[in-house]
Each structure stands twice: as C-alpha cells, then as structure tokens.
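See below for the structure under consideration.
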Amino acid sequence: MPERKFFAHLRSSDEQVKYLPNPPYMSTHESDSILLAALSQGNKAAFDVVFRKYYPKIKFFAARLCGDKAEAENIAQDIFMQLWIRRNQLIEIQNLENYIYVMTKNASFEIIRRSLQRQRIVQETASEEPDDNIIDNELHYKELMAIIKEEIERMPAQRRRIFLMSRREGLSNEQIAQELGLSKRTVETHISLALQQLRHLMPLLELLTLTLMLTREQQF
Amino acid sequence: MNLNDIQELIHAYFDGVIPADKRQLLRHWLLLPTDAEKKDHALKMVWNHAEPDTTDVDTALEMFRNNRQRYEKQRHKRRRLAQSLRWAAVLAIPLLTAAAAWKLSADYHAQPQLAEFHVGEGKIDSLTLSDGTKIIVNSASSLLYPATFNPHGDRRDIFLVGEAHFEVAKDSRRPFVVHAGNLNIRVLGTHFNVRAYGDDSDIITTLEEGSVKLSDNQNAILMKPGEQIAYRRSDGLMRRKQVRAGDFRLWTHDNIDFHNQTLKVILEQMAALYYVKFDVDKALDLEQRFTMNFNRTENIDEVMTVISRLSNHFQYHKHGNIIKLYKKRKEAAPSSTDT
C-alpha cells in the first residue's frame, strides 16, 4: 500500500505559482486608501476596525518603551483621538501602520523626555562628553551583553534555538512554529521560559554594575 | 555602535532583561541623536514582531468612543482652541496639500458609508449584501461593507478580518473585491472561502467555482476552481495547491455527516476543518469505511477519540497541530476474542 500523508497547510506538495505578466490589478496603496478614505470621512465602523487592529500593539510597544503601563494607555487613546481629530488629512498617508508606529514612538519619547527632565538627568549630562561615553561608562553594555549571551548559551537546546530564531532572526512566533513543526503555544512557552531565565540574571547584572563602579573608583 | 549591538540591547530592554536601575539610562540613550537610524530600525523590528494580547480592546474601544463623543459635543458647543492645542501637542501632522484638498472633493464624497459586521468568538453568522451576495462569517471575524454598493461605481469593495465563505452575486460591470490584509481577491460571481485571521501567517483562499484574481502590490495570479492559494503575509509569497474545495466550507455546517465514507476522505475533511496535519502510518488501511456524525462545536480531540474507538485499528498522538496515526499493536483479526 502506498504511503499516504495528508496536509491541510501548504508546506510540502505545493506548486510555485506563475505570476501574471501584466501589472497587478490593484495595488495595496489603492486598497489602503479606500480604508483611509473611509477613516477620513469619519466612518466610525472603519475607526473601529483600525482601533481593534492597532490598539494592542500601540499599548504594548509604548508600555515597554516608556516603562509605564498607565502612560501607554493614555498614549494609545491620544493617538486614536489624534487620528479622529485630523481625519481629513489621513488621505495623505502612504502606510497607515508605519504612520501609527511613528506616532507611538514620538509620543513615548516625549513621555521619556519629561520623565528625564523631572529627574534632571538631561541637565546634568548637558555638559558631559559625547554620547558613546554614557553608554560605555554608565551602561556597561558590553559587560551586560556578554553575561546575557553567556546565559543564552546555557539554555537547553530547543529553548535557545527558538529564542534566537525570535530575537536574532526576527521571526514571528507563527513562523517559528511552522518552521519547527510545533504549536504556537509551545513556541510561546519556550520564549517565556527563556525570558524568565534571563530575568533571573538581573540581580547578578546589578551586582556587576556595583563591582564595575567600585573598580573604576579604585583606579583613581 | 554597530546595528547588531544596538538591536541586542534594544531587544534585551523590551524583554525586561535590563536591570531596573539601568532602564532609565537606556531610555536616555535611546533619545540621544547618535545612531538614531539604527535605533529606529531596531525599534521598528520590535514593533513588527510584537504579538500583544488583545484582552482589553473592547473596554478601550468603549473609552475611545466616549472620548470622541465628548469631544464632538464640546466642539459643537463652542470653539475650544485651547483644547485642540493640548491634543495637538502630542505630535505634528503635515498640513493639507493641494492634492489632498482635491481628493476631498466630489469623488470621495461619493464613497458609501461602511458598516461593520462582527461575529464573536465561538459563533457563526451570515449576512446578505445589498447586491444579493451571501456571506457566512466564522468565529472571531469582522466584515466591513457598504450598506449599498454604488450603482454607478465600477467595483464592490469589502474588508475582511478572520474567515468567511462567499457566494458572490454575478455582476460583470462591478467586480467584487475582498480586501484581507495586503491581499486583494477580485471575483465576478463565484463561490469561495477566505481564511485571513490576523494572527495567521498565511491568508488562505479556496475556490469552489467561478474565477478569482488574487493580487497585492507586487503580483497577481488567476485562480481556477479546485485551487487553494496560501498567501504569506510576511513577503507576499503565493503557493498553490489542488484541493477538494468543498472541504474548506465544512465549517459553515452545523453537523458533518459521513455515510459509509472512507477513512481517507474523513481525515482529509477533518484536516481542512480543524487545520491540522495527519501523519499516517503506512500500514493503516485508509479504505475502511465509517458512518458517523459530528457536531461542529466538537474539538479535534473529541473527534479523534470517536474515530479511533470506532476504527479500533489505530492510536493517535497529537503534537500541536500535527496528528500522528499509528497502527495498533494488538491484531484486530476478526476471530480473536477480547476479554
């Protein structure tokens, strides 16, 4: 009896398609602009769709970037209010996602700037040497990254592989799952364990900072 | 600093691996103009691959709607310049250009109002559009469509997030276009299925009858009945497969009946319905026939348990979305007696 295998997903036994030689019927830009046109006319259903699509990402990104969940929610709400208030100008946009990303980044940076000003860090370092020194001397990023890299090497093989596919190669959880033939949940679990493992390093990393500071003082 | 180091540092920061006392310093570093392009590239990468959970979107959406309503009320009461300046402080958007002003003219005012049809988790619902097109919409899906299609227009456009089955009313003057992510699915009059859930890496289009043209920014292809195309969201790659198209609309039925059907066909249809793969032992007889009935709400484990008990020839093991079928050790000879 011949061997038989069934696949619902198109991984093996796929044909490569032959693309049509003529220019495409409709560009993404044109289809995006239909949605953007609806937004620009104040279409509330269109706003709902865009809100559901981007709110989680804005909130996640802003929260991690600012280090403040409450501020992140404010930023997200602000952005959609901005989109609503300026809806007539949305037709100008080429790429809605990129536009929203830039808004999120700028808003987050503004929050960070205010927080730094409150702590007067910006004023203190205004007369300091160029930026690289801040990183080398204060952040000790080389030592930091060395410890992190070492810990990644210590991870069990599958966990390390999945973590590197995600962080180094930039693959999505879904892509990793398909590549390795695992479920998405398994991939998420591995990444979660990897992060837990790395976060356990933090006391060590803080100790490192202290050590390096003391060493530097001793050099005087 | 090179891009790799910047990427590693930013990733470590977003992962919460940087010690607490260093985080403010790192945020300061992010704001510095040195290597701004590289930093932005790394940040964009984190943004692109973020897979946040969506648990509180509905609450937040409610809040947005309330804010918007309040804003509109105040605006209509009187001009509150101060208010809008406060909102405006968040960022700057370029002013209207002549081109945009033109676009705001007659043409765009002709655009119809879009309505939203949303189906919640675990449900299935259907709607009929103003042109007679019948759509069955699957769980956790949204459809954006105009209440009436412009009779003088040259197209019928709708937007889909999730999964739906379409029976499109024939109208050669106005092709029906489904927009799912970056993919445009253009049909004249036909029956097809589109699976475009937001967190799936592929958008899967299955054609039963008629003709369909798939296109995105770069490429276009024509589909024939019995074909299934997987469109990879990340890079627009399209892969074609020949299928029994009807299998991919099984989800629209409440019950699935098998009358004296071979195990081969049953597994093929279960694979289409549950989006799993079956890895079948060579020694298994796939021509054995079964009669059984499943309710759509049963999950794949319940289904596999029933089939394997009925069959008594195989055991199954599920790894994620791959199900392996092994021949049972015990001989299922008709003359053997079991205790």
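The values are calculated or read from the model by the stated rules, or taken from the named source; none is laboratory data. Fair warning: this is a prediction, and the values are worked out from it, not measured in the lab. Virtual Cβ from ideal backbone geometry, glycine too; neighbours counted across all protein chains shown. When the accessible area is computed, the model is the full protein with side chains, heavy atoms only, and any ligands, DNA or RNA have been set aside. Shrake-Rupley method; radii C 1.70, N 1.55, O 1.52, S 1.80 Å.
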Inset, instruction - Those residues that are β-branched (V, I, T) and facing chain A (nearest Cβ under 9 Å), I need them from the stretch B:244-279; list them, please. - result: B:V276
Inset, instruction - Just need a number here: residues in the stretch B:133-156 that are part of a strand (DSSP E or B) and either without any contact (Cβ under 8 Å) to a residue 12 or more places away in the chain or touching a helix residue (DSSP H, G or I) at 6+ places or on another chain (Cβ under 6 Å) (or both). - result: 2
Legend entry - Pair list, Cβ under 6 Å, 6 or more apart: the stretch B:26-45 residue closer than 12 Å to B:Y13 by Cα, other residue of a type in the set (S, T, Y): B:L26/B:Y13
Inset, instruction - Among the residues of the stretch B:49-74, count how many are outside any helix (DSSP H, G or I) and more than 20 Å from the chain's Cα centre (by Cα). - result: 0
Inset, instruction - Could you please find all residues in the stretch B:178-229 being more than 10 Å from every other protein chain (Cβ to nearest Cβ), hydroxyl-bearing (S, T, Y) and surrounded by fewer than 23 Cβ atoms within 10 Å (Cβ to Cβ)? - result: B:T190, B:Y197, B:S211
Legend entry - Matching option when the condition is under 18 Å from A:H140 (Cα atoms) and more than 7 Å from chain A (Cβ to nearest Cβ), among B:D35, B:D40, B:D56: B:D35
Inset, instruction - Hand me the list of helices (runs of 4 or more DSSP H) wholly inside the stretch A:24-131 holding 2 or more residues that are modelled with pLDDT under 85. - result: A:28-40, A:44-66, A:96-118, A:121-125
Inset, instruction - Among what's in the stretch A:62-91 and is within 7 Å of chain B (Cβ to nearest Cβ), surrounded by fewer than 19 Cβ atoms within 10 Å (Cβ to Cβ) and over 17 Å from A:F51 (Cβ atoms), pick the residue that is nearest to the chain's Cα centre (by Cα). - result: A:Q89
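Residue check: is B:A36 surrounded by fewer than 13 Cβ atoms within 10 Å (Cβ to Cβ), out of contact with any strand residue (DSSP E or B) (no Cβ under 9 Å at 6 or more places or on another chain) and at pLDDT below 80? Walk me through how you get there before you give the answer.
On the way: surrounded by fewer than 13 Cβ atoms within 10 Å (Cβ to Cβ): yes; out of contact with any strand residue (DSSP E or B) (no Cβ under 9 Å at 6 or more places or on another chain): yes; at pLDDT below 80: no.
No; evaluated as a whole, the condition is false for this residue.
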Legend entry - Those residues of the stretch B:296-314 which are touching a strand residue (DSSP E or B) at 6+ places or on another chain (Cβ under 6 Å) and exposed (fewer than 13 other Cβ atoms within 10 Å of the Cβ), in sequence order: none
Legend entry - Residue list for the stretch B:129-161, restricted to those being open to solvent by less than 20 Å² (accessible area, probe 1.4 Å) and within 11 Å of chain A (Cβ to nearest Cβ): B:S142, B:L143, B:L144, B:P146, B:I158, B:L160
